[in-house]
1. Please pick out the residue among ALA212, ALA246 that is within 28 Å of SER103 (Cα to Cα), surrounded by 17 or more Cβ atoms within 10 Å (Cβ to Cβ), hydrophobic (A, V, I, L, M, F, W, C) and at pLDDT 95 or above.
2. Would you check which residues across the stretch 225-250 are in contact with a Lys or Arg (Cβ under 9 Å, 6 or more places away or on another chain), of a type outside the set (Val, Ile, Thr) and within 18 Å of GLN45 (Cα to Cα) and list them?
3. Residue by residue through the stretch 342-376, note down the ones that are within 10 Å of ILE315 (Cβ to Cβ) and assigned to a strand (DSSP E or B).
4. Scan the stretch 17-53 residue by residue and report those that are surrounded by 18 or more Cβ atoms within 10 Å (Cβ to Cβ) and of a type in the set (Val, Ile, Thr).
5. Just to be sure before I move on: is ALA217 in the same structural domain as ALA83 (by TED's automatic domain parsing), in a loop (DSSP other than H, G, I, E, B) and under 30 Å from LEU14 (Cβ atoms) in the structure I sent?
6. Could you say whether any residue in the stretch 381-388 is touching a His at 6+ places or on another chain (Cβ under 8 Å), surrounded by 19 or more Cβ atoms within 10 Å (Cβ to Cβ) and at pLDDT 95 or above?
7. Please go through the stretch 67-83 and give me each residue that is at pLDDT 95 or above and out of contact with any strand residue (DSSP E or B) (no Cβ under 9 Å at 6 or more places or on another chain), ordered by number.
8. For the stretch 25-50, enumerate the residues that are closer than 23 Å to LEU278 by Cα and of a type in the set (A, V, I, L, M).
Amino acid sequence: MIPAWPPARWSPPLTEDFPSVFGRYRAVFRIAWQTARGYQLDEWQEHLLEAITEINPATGRLRRRQVLVSMARQSGKTEIAAALGLLFLLWKTSPYVVGIASSAEQARLVYDRTMRVISANAGLAVAFEALTDTRGIRAKDGGRYEIKASKSAALQGLPIDLGLVDEVHLLRMALWSDLVSGTGGRPDCLVVGITTAGDDGSDLLKHLYKLAETGEAGDTFAHFIWEAPESTVPDDDATLARYLQAAGPALAAERVDLETVLSDVRSMPPADVVRYRLNRFVSSSGVFIGAGEWVAAAWAEDQAFPRDLRPVFGIDRTPEWGFASISAAVRVGDTVWTQLVASIPQPTIERLAAVCTDLARWSPVTYAMDSYQLRDLGLELKRRGLPARICSQGDMVNASGLLHSKLAHGRLKHRGDPLLSVQVPRTVRKNVGDAYRISRKDSSVEIDAVVATALAVLAAEGRDGHPADGLLRMRIIMID
């Protein structure tokens with residue numbers, strides 16, 4: 001087992017036996033977490049909280065003013081942020097704690113954890129007024145903890161004692177600058193960013209990593225970075241386990257089951273493993289599905305598309321209206337079966353609607369299409385009384401992840417259609433926040449058949465195939 005402390009890269013203390021703010025409250029936190037959560041903070045988490053809140057013996061003040069903490073997902077980042085928020089509310093007189101993230105929901109995860117710890121402990125709750133989502137956490141001495149929007153204007157001019165930034169890789173540079181400015185040079189104020197690694201579009205996080213590497217920010221900036229030795233996914237489980245433990249302190253501390261994580265990781269796209277589990281930077285785009293992965297999912301010669309179930313149809317077109325593709329899918333148990341049923345040159349809304357109307361003979365559960373590409377088709381199908389699902393950008397993100405997940409778990413079967421065999425290995429994925437989607441712009445070929453298939457798989461998931469009135473005998477058709 002790799003020790004969870006110290007991380008691969010970190011800012012050491014002034015002395016081995018250094019004083020810290022957290023050290024003064026360690027016993028309080030052990031009781032509070034045990035009462036509220038049923039467990040105590042891990043040893044490495046206590047070490048980290050001590051390091052973040054190190055006191056300079058020469059001044060009696062916090063040594064740090066800016067701190068970057070980076071580690072793999074599911075490593076206890078929320079616990080660290082929640083503990084810091086509560087620590088400042090207890091330690092300082094009338095402090096102002098601000099929590100921000102890429103979304104209010106993400107920031108509230110930390111806030112809610114802090115609120116639950118306070119509420120579950122009578123000794124802590126007596127020091128606070130009513131706790132609400134709208135008014136924030138209010139201490140009776142005037143201290144407060146509030147969630148702010150991830151917009152620079154929302155932070156300008158605020159006198160901040162502690163700024164908690166969750167998932168730094170998703171936020172803009174100006175937000176960090178405004179938080180630092182909000183401390184106003186006052187003593188014992190701190191801005192802490194807790195994150196996983198980013199991609200080449202994570203400008204703020206890249207800037208903070210540079211400060212960690214060069215030391216140009218001086219002694220008041222500290223970094224604590226857990227990461228794997230390299231940005232590759234080892235083939236053997238023993239090496240992969242060591243890499244995962246180096247990037248994930250909770251895994252190294254055996255808080256998380258290693259065998260479960262290994263199983264999960266082996267089904268993830270390599271880029272996601274590198275970024276989220278090995279905590280290393282990746283490119284913002286990359287290959288969506290390898291040719292080998294796709295070929296391996298083709299059904300055997302003695303297999304065929306289930307013919308006694310009502311399908312769903314996914315539909316997509318190329319940006320210039322050169323072609324459109326229609327894919328069918330049904331879900332049987334945990335497995336989705338899919339095949340292309342039409343490739344249409346020079347499509348129009350009218351021609352696509354006519355084809356969909358013809359396909360209605362098989363009583364499809366729904367027709368799914370991208371709202372940006374084919375919203376008008378969806379409205380036309382609804383006008384004709386046909387079931388249509390007009391998918392949002394969020395649906396496209398889900399469809400992309402689901403298609404890859406089904407492949408990785410061996411729960412997708414396809415016919416091996418030549419058009420998909422060409423398009424799939426040339427399809428590029430693009431990071432969207434903490435997720436990704438298929439990218440038409442970055443792919444080297446048109447990917448209408450891939451998108452149609454992804455939408456069909458999404459529409460089929462969550463519903464086992466419905467019995468059909470007649471046998472489904474589909475074959476790919478070219479419509480002139």
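The values are calculated or read from the model by the stated rules, or taken from the named source; none is laboratory data. Here the structure is a predicted model, which means the values were calculated and not measured. Please note: Cβ atoms are built from the backbone with ideal geometry, for glycine as well, and neighbour counts cover all protein chains shown.
1. Details: ALA246 fails: within 28 Å of SER103 (Cα to Cα).
Answer to the check: ALA212.
2. Result: TRP226, GLU227, LEU244, ALA247, GLY248, PRO249.
3. ALA342, ILE344, TYR367, ALA368, MET369, ASP370
4. Scanning the stretch 17-53 gives VAL21, ILE52, THR53.
5. Working: in the same structural domain as ALA83 (by TED's automatic domain parsing): yes; in a loop (DSSP other than H, G, I, E, B): yes; under 30 Å from LEU14 (Cβ atoms): yes.
Criteria met by ALA217.
6. Step one: list which residues in the stretch 381-388 are touching a His at 6+ places or on another chain (Cβ under 8 Å), which gives none.
No, there is no match, as no residue in the stretch 381-388 is touching a His at 6+ places or on another chain (Cβ under 8 Å), surrounded by 19 or more Cβ atoms within 10 Å (Cβ to Cβ) and at pLDDT 95 or above.
7. Result: ALA72, ALA83.
8. Taking the stretch 25-50 first, the residues closer than 23 Å to LEU278 by Cα are 41-49.
The answer is LEU41, LEU48, LEU49.
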